[in-house]
Amino acid sequence: MPGYWVFSAATSSSEVAPITLELLAKARTLGRDVAVFYAGPASDAAWAMLGDHGAATVYHYDPGDTLPAAGAAAALEALVGEHAPELVLFGMSVDDRDVAGRLSARLGRAVLSNAVDVSADGGVSVTTEILGGTTVVETTYTDDPPALVVVRPKSFTAEPAGGGVPDVVAVQAPNVGHAGEAQVLERHEDASEGPQLADATIIVSGGRGLGAAENFALLDELAGLLGAAVGATRAVVDAGWVPYAMQVGQTGKTVKPGVYIACGISGAMQHVVGMKDSGTIIAINKDQDAPIFSIADLGVVGDVHKVVPKLVEALRERSG
Ligand code: FAD
């Protein structure tokens, strides 16, 4: 039986990344033989989590203080030669893409990126979105396995499968020479308070229509009242109004909250591709022809500087 594998790089806090659980949810619908290649420190909690989400086997590679990509790709290449999986799924993180690219070069197999779905009926087929999500492409692998596929976050919903503790097989990286010598000397995490964009059930996002960096305080206030996270467009990130970590879209984060409130955002396709799967989209824009209204469930044609303070006032009154 062909194997369906998920590459997983531990988070900086040595936990299983949410994308791994999303990929496992998909992998176990493709077949029973689901394995994870886990790059990170050994952890019983991680094994339990991976097993609960459907991993029967975990190949564990501990990169120690070195950058994981070169060693992980070499170790994966050896395992692929031994077990011949049908498919290896990767997330979109820097580490995941680094390993996917190196493995692709080592194996001489194509890697498909930006996937939003995968099927494995009589060969692996991959659904990707191109041109900012306006065109959907279906590609079928005809090459020898494994198919290497990089998947966009939030394409699948993580759900426990009630699996037991997986078999954990420790693997060593073959000698990769200088490529394996790069050390991680320091890690820096942007300090942030409140809900994170990736997990928030409500997101309030701001664009150039806010007019100035200091006007994001208005969105912070609204977000505080709603228990929401604050996002932004690339235009305002590029302008230095808010940090890059807040960017939603093609070159930022993909989000899927229950409610997305777009304030002064035009709705360029590169932004929309990162938030179009939100449950309910509310747009506030003074231009009634702004493209954001074409995907909005509720549109308010008006000035954000007038509409948002009214909303804040109404929420305050409601909460007493
Ligand atoms: P604008 O397009 O300038 O829109 C501002 C909107 O505010 C307008 O619709 C205007 O009517 C409205 N407005 C103005 N004043 C008010 C007011 N007082 N009240 C209410 N409404 C008002 N963008 C992203 O967001 N994320 C990405 O990941 C991303 N990746 C990209 C990748 C590439 C390769 C490229 C080329 C572009 C990318 N972009 C991305 C940029 C994208 O094309 C747009 O330029 C950007 O999304 C526009 O941001 P905006 O909506 O804030 O600004």
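Could you look through the stretch 233-250, keep only residues that are near the ligand (Cβ under 9 Å from one of its atoms) and at pLDDT below 95, and pick out the one that is nearest to LYS310 (Cα to Cα)? Ranking the qualifying residues of the stretch 233-250, first place goes to GLY249. Checking each residue in the stretch 119-135 for being free of Cβ contacts under 8 Å to residues at least 60 places away in the same chain and more than 19 Å from GLY91 (Cα to Cα) picks out ASP121, GLY122, GLY123, THR135.
Looking only at the stretch 209-232, residues that are within 16 Å of the ligand (Cβ to nearest atom), under 13 Å from CYS263 (Cα atoms) and surrounded by 16 or more Cβ atoms within 10 Å (Cβ to Cβ) come to 10 in all. Against the numbered list (1) at pLDDT below 95; (2) more than 12 Å from the ligand (Cβ to nearest atom); (3) within 26 Å of SER113 (Cα to Cα), ARG318 comes up short only at (3).
Counting the residues of the stretch 279-307 that are part of a helix (DSSP H, G or I) and within 9 Å of the ligand (Cβ to nearest atom) gives 6.
Given the condition within 14 Å of the ligand (Cβ to nearest atom) and crowded, with 18+ Cβ neighbours inside 10 Å, answer yes or no: does some residue in the stretch 178-193 qualify? No, that holds for no residue. A single entry from PRO68, PRO41 fulfils the requirement of being without any contact (Cβ under 8 Å) to a residue 40 or more places away in the chain and either crowded, with 22+ Cβ neighbours inside 10 Å or touching a Ser or Thr at 6+ places or on another chain (Cβ under 6 Å) (or both): PRO41. Does VAL248 meet the test of being touching a strand residue (DSSP E or B) at 6+ places or on another chain (Cβ under 8 Å), closer than 19 Å to ASN285 by Cα, surrounded by 15 or more Cβ atoms within 10 Å (Cβ to Cβ) and without any contact (Cβ under 8 Å) to a residue 40 or more places away in the chain? Considered against the rule, which asks whether it is touching a strand residue (DSSP E or B) at 6+ places or on another chain (Cβ under 8 Å), closer than 19 Å to ASN285 by Cα, surrounded by 15 or more Cβ atoms within 10 Å (Cβ to Cβ) and without any contact (Cβ under 8 Å) to a residue 40 or more places away in the chain, VAL248 comes out as no. Residues that are among the aromatic types (Phe, Trp, Tyr) and closer than 18 Å to ALA198 by Cα: does the stretch 240-247 have at least one? Taking every residue of the stretch 240-247 in turn, at least one turns out to be among the aromatic types (Phe, Trp, Tyr) and closer than 18 Å to ALA198 by Cα. Can you tell me which residue is farthest from GLY122 (Cα to Cα) among those in the stretch 10-41 that are touching a Pro at 6+ places or on another chain (Cβ under 6 Å) and of a type in the set (A, V, I, L, M, F, W, C)? Restricting to residues being touching a Pro at 6+ places or on another chain (Cβ under 6 Å) and of a type in the set (A, V, I, L, M, F, W, C), the top hit is ALA39. Whenever a residue of the stretch 258-270 is within 24 Å of THR135 (Cα to Cα) and in contact (Cβ under 8 Å) with a residue 12 or more places away in the chain, it has no partner that is within 6 Å of the ligand (Cβ to nearest atom) and part of a strand (DSSP E or B) lying with C-beta atoms less than 6 angstrom away and at least six residues away or across chains.
Within the stretch 205-222, the only residue that satisfies the criterion of being of a type in the set (Asp, Glu) and touching a residue at least 24 places away in the same chain (Cβ under 8 Å) is GLU221. Entry remark, the stretch 95-119: residues being at pLDDT 95 or above, of a type in the set (Ser, Thr, Tyr) and not in a helix (DSSP H, G or I) number 1 in total.
Being part of a strand (DSSP E or B) and of a type in the set (D, E, K, R) is a condition met by no residue of the stretch 142-160. Can you tell me which residue is nearest to SER93 (Cα to Cα) among those in the stretch 9-34 that are free of Cβ contacts under 8 Å to residues at least 60 places away in the same chain and touching a strand residue (DSSP E or B) at 6+ places or on another chain (Cβ under 8 Å)? The extreme case among them is ALA10. Among the residues making up the stretch 85-134, those that are among the charged types (D, E, K, R), more than 25 Å from LYS253 (Cα to Cα) and either touching a strand residue (DSSP E or B) at 6+ places or on another chain (Cβ under 8 Å) or crowded, with 18+ Cβ neighbours inside 10 Å (or both) are GLU86, ARG109. Out of the residues in the stretch 251-275 that are within 6 Å of the ligand (Cβ to nearest atom), surrounded by fewer than 19 Cβ atoms within 10 Å (Cβ to Cβ) and under 17 Å from the mean Cα position of the chain (by Cα), state the one that is modelled with the lowest pLDDT. The qualifying residue modelled with the lowest pLDDT is THR251.
The values are calculated or read from the model by the stated rules, or taken from the named source; none is laboratory data. Everything numeric here is computed off the predicted structure, so don't read it as measured data. Note that each Cβ is placed from the backbone with ideal geometry, even for glycine, and that neighbours are counted across all protein chains shown.
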